[in-house]
1. Over the Cα atoms of region 433-499, each weighted equally, I'd like the Debye log10 I(q)/I(0) at q = 0.12, 0.19 Å⁻¹, rounded to two decimals.
2. Counting Lys and Arg as +1 and Asp and Glu as -1, what is the net charge of the other residues whose Cβ lies under 15 Å from the Cβ of residue 439?
3. At a threshold of 8 angstrom on Cα-Cα distance, excluding pairs fewer than six apart, so keeping six or more, what relative contact order does region 169-285 reach in percent?
4. What trypsin sites (Lys or Arg not before Pro) in region 410-493 are in a loop by DSSP, with at most 11 other Cβ atoms within 10 Å of the Cβ?
5. Any idea what log10 I(q)/I(0) is at q = 0.15, 0.17 Å⁻¹ for region 397-476, Debye with uniform C-alpha scatterers and no solvent?
6. Enter the Cα centre distance for the pair region 444-463 and region 270-285, rounded to the nearest angstrom.
7. When Lys and Arg each count +1 and Asp and Glu each count -1, what net charge do the other residues less than 11 Å away from residue 292, Cβ to Cβ, add up to?
8. Would you please report the Å³ per residue occupied by the convex hull of the alpha carbon atoms in region 177-313?
Amino acid sequence: MDDKTELFRALPPLSSYSSPGEALSAAADRARLYHDQLVAAMPGLIVHRDGIILHCSNTLARLLGYESVEQVLALPDIMELVPEDARLAERNAYARCLQGPIQSQARRIKRHRADTSVQWFDQLLEPADWGGAPAVMEMLTQMRPQAANAEVPHQGQLLQAAIDAMPNGVLMLDRGLRLEGANSEYFRLWDYPPGMFPPGTPVAETLYYNHQRGDYGNVPCEETVAELCTRFLVKGVINSERQVPSNGRILDIRTAPRADGGYVITHHDITDRKRIEDELRQAKERAEAILKELRDTQQQLIVQEKMASLGQLTAGIAHELKNPLNFVNNFAELSGELLDELLGLLGPLDDHLDEATRADVDELVDSLQSNLRKIADHGRRADNIVKSMLAHSRGGGGEWQATDLNALVEEALALSYHAVRAQDRAFNATLEHRFDPKVGEVKLVPQDMSRVLVNLFTNSFYAVRKRQLASADLGYEPRLTITTEAGSSEVSIRIHDNGVGMPPAVVEKLFTPFFTTKPTGEGTGLGLSLSYDIVVHQHRGRFDVSSVENEHAEFTITLPRTVTAMSLGERRKT
């Protein structure tokens, strides 16, 4: 019996006090003394709040190897007594204890002794009102191992050593999804501090930790953790891949059920394999891109060769036509001169003709002179067309020169319109010119740019004629609007038609060689491809297209005012 007990018995009875106040004060003293005696009688007791140790029994202080209770109370934090690998579990247990009474079930825990060795205890936790504020009260009883279980710790150490030696991360869960064991590779792969989650920790604690450090992004915590926990409940082997954001590792995770209801989850680090796969895929994509480029270059060379042959044929035909045209023009002019001389010689004979005969002669002469003028006019027109054909057929052989862009556009438009009219006499269209006089001269290859413009105008005329033939609207009027506009360092040509237009799928393939929407025999699919090559590669401009099906199509060519001349070989490299 200690001194406090003797003191408690020596206290006078409450009836001996003279006033109620003194009696109440004595009753409070008796209660505190009884509380102290009760606490001191427990085998191992420690009370703490927010990590600060408020009370420790003498018995527990001795079990932990301390000479006095004061040495325990002097510790800065209750966690000084808890081994590092068990601290997270203890913090969680303390937090649950403060939330209210919990199931009275002993936990097997370990604590550091004063000499840093580890002592195992059976623990009960209870919330307590200490000093008017809630606190955690731990009741600890020293665990006494039975002789039959003496080899169990040694066998456990051997098993843990075997698991740690495995090259892959291993996590073992019981049927309640609590950690039974994990090797060091598991902690390394997931970037966890060693021993952070000791045996008995619910696997949900690891998922909460992952969420707090941002592994899952901005998603609800509780729902995400609950959904991830259900993935462990499998009936067969399941594979999945996860990337650990904190270290960038990619893990191949395989979950397999055990016969006892638990689970074994292995983690394979496949980061290097994924990196090699990505490098191989990128190398394959680069090789395919180079192969496609080579095929496109080959196709362009074939097209260039075909167009060169076609240009030579066109030039030959134009030359052959030019010779008889020269004869027609020359002899028409000569015939006019001879007719004038003949009329001069026959002038004195007019007095010998009667009135009717003279009228017939004058009419015949006027008709003959009119026919000769028409022959000369159409001959000159045909000669201009042949000259344009020769210029158009020269392709890339032309020289760079400062060219009046508005005049070039107008000439190409006239050539295209008359060519279409020659094939279809019933076709007519309204041509609207909006030429900016500030455009002036632009350095380019006139023959090549003429080819581009003729091609675009011809396509626009085809589109408006097609809509005209297919439209039930008798008021539809084919219209082509040509606009030039000058900028500070570039000029633009915009060709807008109100024809059939094009769907987006066609616009995407518009500049692909041999792609055409015209019926077989009406188009080669090369015009726009070569036009794109001339504008973008040769003249280093831009070629833009916009269209709305059954409404309009608009082609915009943007050219720099000056550009360094490029050879054919340089064009193929761009």
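1. The computed values of log10 I(q)/I(0) come out as -0.41, -0.81.
2. Charge balance near residue 439 sits at -2.
3. Working: 169 pairs, mean separation 29.2, N = 117.
That works out to 25 percent.
4. 425, 438
5. -0.62, -0.75
6. Between the Cα centres of region 444-463 and region 270-285 lies a distance of 47 Å.
7. -2
8. Considering the Cα atoms of region 177-313, their hull volume per residue is 172 Å³.
The values are calculated or read from the model by the stated rules, or taken from the named source; none is laboratory data. From a predicted model like this one, the values you see are computed outputs, not experimental measurements. Heads up, the Cβs are rebuilt from the backbone with ideal geometry, glycines too, and the neighbour counts pull from every protein chain shown. Side chains included, ligands, DNA and RNA excluded: accessible areas come from the protein's heavy atoms. Shrake-Rupley method; radii C 1.70, N 1.55, O 1.52, S 1.80 Å.
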